[in-house]
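**Student:** Dropping the structure in here first, questions after.
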Amino acid sequence: MTESRFIPNSYKNLPASGKSSWRSPSNIALVKYWGKRENQIPANPSISFTLNSCFTTTTVSYEKLKEKQHQFSFDFLFEGSPKEEFKPKIQTFLTRIQAYLPFLTEYHLVIESSNSFPHSSGIASSASGMSALALCLMDMEKELNPTIHLDFFNQKASFLARLGSGSACRSVEGPLVQWGSYRGIENSSDLYGVPYPYITHAVFQDFCDTVLLVDKGEKTVSSTVGHGLMHHHPFAEQRFQQAHSNLDKLKTIFETGDLEGFIQVVESEALTLHAMMLTSSPYFILMKPNTLTIINKIWAFRGESNSHLCFTLDAGANVHVLYPAEEKTVVLKFIKEELAPLCQNGQFIEDQVGTGAIKLI
Ligand code: DP6
């Protein structure tokens, strides 16, 4: 599978104007993407739960310019106000995808975006934001070529989203999406995410994720810089191999509903991600003291209650607490009483596994 498949033929009869709106969710990786090559090609395959309540809503209004431009013409509004500081990231994204949507320079775009989760909550909005934008731009392509199939539409939306932010390619569909070439999944690709193709036990269909907002500040090291530090990392090769073998293990775990096995893989992945940061050159730490206190409390509670909760971490201090929906009452009580006091302003977000992006207009 090559990128050329996503380069369209030239179009005639471009519409004068139009509008598209999508709501796209965030996702939480179980096997982590950490390390990439040129053009957003992941160093190892990853898999994530698509979320439901943490999402970005994006509307793109487009109007044909009198003449095709050499530059992109766009305005960006975040939560109703122009946001100049977000424009360079969008500019980079548009430049990367230009070859795949060549009509973009013929339009002026007004991109309006908002998040369901609090601004600067430390929740990465790039996955939901880039996937929502990619889906709106795919709607433009569909307007020009209505014969596009749903499979191609989703694949190309994921392909484009990846060029904005790697993890964004796992936000188009749900409930489980795998991204990156992996021998265990025949149609897996480094270029886009694919819905997990195997049998998944019912317990994983509505798994809960409560996101504990431990630290809402700006990250000291961005994901992009962190990915870069996997080049020449002393443990890189072993780590990339480990991601493959953890995906192998998850196949049986997903099929049988083996919660003990799930906990082992997911927590090990989270700690390995941060171990890679601790052993990079330069090294860095994104966890905060309360991240560790929460992890220890989760382990203690699991030991004494027989609950099947576990944690995972992104590239930040926040903790995602994952647990089966049928244990929600018990686990939420524990979270409210013991973990919420360790969050900034006691804040946490209740979420669960979702089915992917939704078209609004
Ligand atoms: C730790 O997708 O944010 O969340 O491709 O540079 O935009 P870029 O990185 P990004 O990296 C996310 C890394 C992670 C793990 C994961 O989601 O798999």
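The values are calculated or read from the model by the stated rules, or taken from the named source; none is laboratory data. Keep in mind that what you see is a predicted model, and the values were worked out from it rather than measured. Because the Cβ atoms are built from the backbone with ideal geometry, glycine has one as well, and the counts that use them run over all protein chains shown. Accessible surface areas use protein heavy atoms only, side chains included; no ligands, DNA or RNA. Shrake-Rupley method; radii C 1.70, N 1.55, O 1.52, S 1.80 Å.
**Student:** Just to verify a result, which residue in region 39-61, among those that are surrounded by 24 or more Cβ atoms within 10 Å (Cβ to Cβ) and among the β-branched types (V, I, T), is farthest from L273 (Cα to Cα)?
**Tutor:** Taking the candidates together, the pick is V60.
**Student:** Same structure again: Could you run through region 301-322 and say how many residues are more than 16 Å from the ligand (Cβ to nearest atom), farther than 14 Å from I349 by Cα and touching a residue at least 40 places away in the same chain (Cβ under 8 Å)? Let's see the steps before the verdict.
**Tutor:** Quick first cut of region 301-322, residues more than 16 Å from the ligand (Cβ to nearest atom) only: 301-310, 321.
Then drop every residue that is not farther than 14 Å from I349 by Cα, which leaves 301-310.
Checking which are touching a residue at least 40 places away in the same chain (Cβ under 8 Å) leaves us with 308, 310.
Qualifying residue count for the region: 2.
**Student:** Take the residues in region 214-232 that are in a helix (DSSP H, G or I) and open to solvent by 50 Å² or more (accessible area, probe 1.4 Å); name whichever of them is farthest from the ligand (Cβ to nearest atom).
**Tutor:** This residue is V225.
**Student:** For region 1-14, how many residues are open to solvent by 30 Å² or more (accessible area, probe 1.4 Å) and either farther than 20 Å from V194 by Cα or in contact with a Lys or Arg (Cβ under 6 Å, 6 or more places away or on another chain) (or both)? Steps first, answer last, please.
**Tutor:** Quick first cut of region 1-14, residues open to solvent by 30 Å² or more (accessible area, probe 1.4 Å) only: 1-5, 7, 9-14.
Within this subset, residues satisfying the condition of being either farther than 20 Å from V194 by Cα or in contact with a Lys or Arg (Cβ under 6 Å, 6 or more places away or on another chain) (or both) are 9-14.
Count: 6.
Per-residue answers, yes or no, for (1) outside the structural domain of S10 (by TED's automatic domain parsing); (2) open to solvent by less than 40 Å² (accessible area, probe 1.4 Å); (3) without any contact (Cβ under 8 Å) to a residue 40 or more places away in the chain; (4) assigned to a helix (DSSP H, G or I):
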| residue | (1), (2), (3), (4) |
| --- | --- |
| I123 | no, yes, no, no |
| A127 | no, yes, no, yes |
| T147 | no, no, yes, no |
| A168 | no, yes, no, yes |
| V177 | no, yes, no, no |
| R183 | no, no, no, no |
| S188 | no, yes, no, no |
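**Student:** Restricting attention to region 110-121, which residues are open to solvent by 50 Å² or more (accessible area, probe 1.4 Å), farther than 13 Å from V211 by Cβ and at pLDDT 80 or above?
**Tutor:** Of everything in region 110-121, just one residue is open to solvent by 50 Å² or more (accessible area, probe 1.4 Å), farther than 13 Å from V211 by Cβ and at pLDDT 80 or above, namely E112.
**Student:** If I go through region 265-309 residue by residue, how many of them are part of a loop (DSSP other than H, G, I, E, B), touching a Lys or Arg at 6+ places or on another chain (Cβ under 9 Å) and open to solvent by less than 10 Å² (accessible area, probe 1.4 Å)? Steps first, answer last, please.
**Tutor:** So the first thing to find is which residues in region 265-309 are part of a loop (DSSP other than H, G, I, E, B), and the list is 279-288, 306-309.
Pick out the ones that are also touching a Lys or Arg at 6+ places or on another chain (Cβ under 9 Å) and you get 286, 308-309.
Imposing the further condition that a residue be open to solvent by less than 10 Å² (accessible area, probe 1.4 Å) reduces the set to 309.
Number satisfying all stated conditions: 1.
**Student:** Quick check on region 95-105. Is at least one of its residues hydroxyl-bearing (S, T, Y), touching a Lys or Arg at 6+ places or on another chain (Cβ under 7 Å) and either more than 13 Å from the ligand (Cβ to nearest atom) or not in a strand (DSSP E or B) (or both)?
**Tutor:** Yes; the residues of region 95-105 include at least one that is hydroxyl-bearing (S, T, Y), touching a Lys or Arg at 6+ places or on another chain (Cβ under 7 Å) and either more than 13 Å from the ligand (Cβ to nearest atom) or not in a strand (DSSP E or B) (or both).
**Student:** So, one more: What's the number of the condition K83 fails, among (1) closer than 20 Å to N154 by Cβ; (2) surrounded by fewer than 20 Cβ atoms within 10 Å (Cβ to Cβ)?
**Tutor:** Checking K83 against (1) closer than 20 Å to N154 by Cβ; (2) surrounded by fewer than 20 Cβ atoms within 10 Å (Cβ to Cβ), the one that fails is (1).
**Student:** Scan M230, M287, M276 and give me the residue that is within 20 Å of the chain's Cα centre (by Cα) and free of Cβ contacts under 8 Å to residues at least 60 places away in the same chain. Show your work before the answer.
**Tutor:** Numbers: M230 fails: free of Cβ contacts under 8 Å to residues at least 60 places away in the same chain; M276 fails: free of Cβ contacts under 8 Å to residues at least 60 places away in the same chain.
Only one candidate passes the filter, namely M287.
**Student:** For region 325-361, what are the residues that are under 21 Å from the mean Cα position of the chain (by Cα) and of a type outside the set (S, T, Y)? Don't jump to the end; show me each part of the working.
**Tutor:** Filtering region 325-361 down to residues under 21 Å from the mean Cα position of the chain (by Cα) leaves 348-360.
Across region 325-361, the qualifying residues are F348, I349, E350, D351, Q352, V353, G354, G356, A357, I358, K359, L360.
**Student:** Test of understanding: among T147, T95, which residue is at pLDDT 95 or above and polar (S, T, N, Q)? Quick ask: steps written out before the conclusion?
**Tutor:** Values: T147 fails: at pLDDT 95 or above.
Among T147, T95, only T95 is at pLDDT 95 or above and polar (S, T, N, Q).
**Student:** When you look at D190, is it over 28 Å from L339 (Cα atoms), of a type in the set (D, E) and within 16 Å of the ligand (Cβ to nearest atom), yes or no? Outline the logic, then answer.
**Tutor:** Values: over 28 Å from L339 (Cα atoms): yes; of a type in the set (D, E): yes; within 16 Å of the ligand (Cβ to nearest atom): yes.
So D190 fits the description; yes.
**Student:** Hey, P197 hits all of (1) touching a residue at least 24 places away in the same chain (Cβ under 8 Å); (2) open to solvent by 10 Å² or more (accessible area, probe 1.4 Å); (3) closer than 27 Å to P324 by Cα but one; which does it fall short on?
**Tutor:** P197 satisfies all of (1) touching a residue at least 24 places away in the same chain (Cβ under 8 Å); (2) open to solvent by 10 Å² or more (accessible area, probe 1.4 Å); (3) closer than 27 Å to P324 by Cα except (1).
**Student:** Next up: Return the only residue of K32, K64, K89, K36 being touching a strand residue (DSSP E or B) at 6+ places or on another chain (Cβ under 8 Å), within 16 Å of the ligand (Cβ to nearest atom) and either open to solvent by 50 Å² or more (accessible area, probe 1.4 Å) or within 17 Å of L160 (Cβ to Cβ) (or both). Spell out the reasoning first.
**Tutor:** Numbers: K32 fails: either open to solvent by 50 Å² or more (accessible area, probe 1.4 Å) or within 17 Å of L160 (Cβ to Cβ) (or both); K64 fails: within 16 Å of the ligand (Cβ to nearest atom); K89 fails: touching a strand residue (DSSP E or B) at 6+ places or on another chain (Cβ under 8 Å).
Going through K32, K64, K89, K36 in turn, just one is touching a strand residue (DSSP E or B) at 6+ places or on another chain (Cβ under 8 Å), within 16 Å of the ligand (Cβ to nearest atom) and either open to solvent by 50 Å² or more (accessible area, probe 1.4 Å) or within 17 Å of L160 (Cβ to Cβ) (or both): K36.
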